[in-house]
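Here, each number is a calculation from the coordinates, and none is a lab measurement. The structure displayed is predicted, hence computed values, not measured ones. Reconstructed Cβ throughout: ideal geometry from the backbone, glycine too, with neighbour counts over all protein chains shown.
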């Protein structure tokens with residue numbers, strides 16, 4: 001297992017595109033969050049205190065863009081090997097396919113967790129700096145963002161875990177379909193199209209059911225720090241929904257991986 005982990009880590013860090021993707025996870029998350037918080041202010045509210053904005057969730061909006069880099073990185077870990085034929089050498093060196101998949105998942109988890117933590121920290125710092133100048137100040141009832149606040153800490157840690165689970169979901173899909181483009185398109189469609197399709201459902205009961213099952217909608221509920229009763233699913237329960245999607249993808253991918261010649 002140790003040798004397999006070392007081999008996967010070596011493959012990950014020696015491919016330049018992976019380093020750029022790891023940077024993109026953090027960079028895109030921060031950049032998108034800055035763009036959002038920069039344009040939101042209290043001028044259109046009856047009064048600053050009546051905006052009722054969840055400033056923590058607002059500051060973490062950039063994860064919706066950062067997750068694209070996570071998906072590309074996760075898919076490339078296995079899809080790139082199928083595209084180049086390197087998978088043959090990988091399986092020759094480590095015939096135990098469960099070990100191969102487990103080590104890829106472990107290396108991916110560590111990489112995304114570190115990159116995601118930097119991205120989340122940067123996004124919260126951007127919100128702490130920019131939002132007070134837009135009217136979201138302590139004087140108007142919006143305390144500065146701080147991870148010493150339990151709700152903000154939960155949102156920050158949960159967002160990092162969200163990115164990790166998105167990566168594992170993408171890895172499982174990539175193992176199952178063995179095609180880089182198909183896996184990226186499939187996972188991004190699942191993440192971004194499911195909430196759109198949910199909004200098209202007129203029946204309120206079915207709308208709520210689908211919202212609870214949509215991986216991005218449910219998973220990002222962990223970012224909410226106020227009005228939790230209005231969420232379709234609770235913060236940790238929503239992250240559990242995404243974890244179920246990721247587990248299902250990994251199990252399906254693992255079964256197909258074991259059943260194939262390659």
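What to note about this one:
- Alpha-carbon centroids, the stretch 101-140 and the stretch 224-262: separation in whole Å: 21
- Neighbour counting of Cβ atoms within 10 Å sorts the residues 136, 118, 52, fewest neighbours leading, into 52, 118, 136.
- Principal-axis tilt of helix 63-84 within the chain, Cα atoms, nearest 10 degrees: 10
- As a proxy for reagent exposure, ranking 44, 207, 6 by other Cβ atoms within 10 Å from fewest up yields 44, 6, 207.
- All Cα pairs of the stretch 9-63, percent lying beyond 15 Å: 61
- When the alpha carbon gyration tensor of the stretch 2-259 is reduced to an equivalent ellipsoid, its three semi-axes come out at 36, 21, 14 angstrom, largest first.
- Calculated P(r) tail over 14 Å for the stretch 116-170, as whole % of Cα pairs: 59
- In Å, descending, principal axis extents of the Cα set of the stretch 98-141: 55, 14, 10
- Taking only the Cα atoms of the stretch 197-262, the ratio Rg/Rh comes out at 1.15, with Rh defined as the Kirkwood radius.
- Relative contact order of the stretch 2-259, defined on C-alpha pairs under 8 angstrom at six or more residues apart (%): 24
- Cα-based helix-to-principal-axis angle, 16-39 vs the chain, degrees rounded to 10: 10
- Sorting the Cα pairs of the stretch 1-117 by distance into bins of 10 Å, from 0 upward, gives 13, 35, 23, 14, 9, 5, 1 percent per bin.
- Relative to the longest principal axis of the Cα atoms of the chain, the long axis of helix 204-213 makes an angle of roughly 50 degrees.
- Burial ordering of 178, 98, fewest other beta-carbon atoms within 10 Å first: 98, 178
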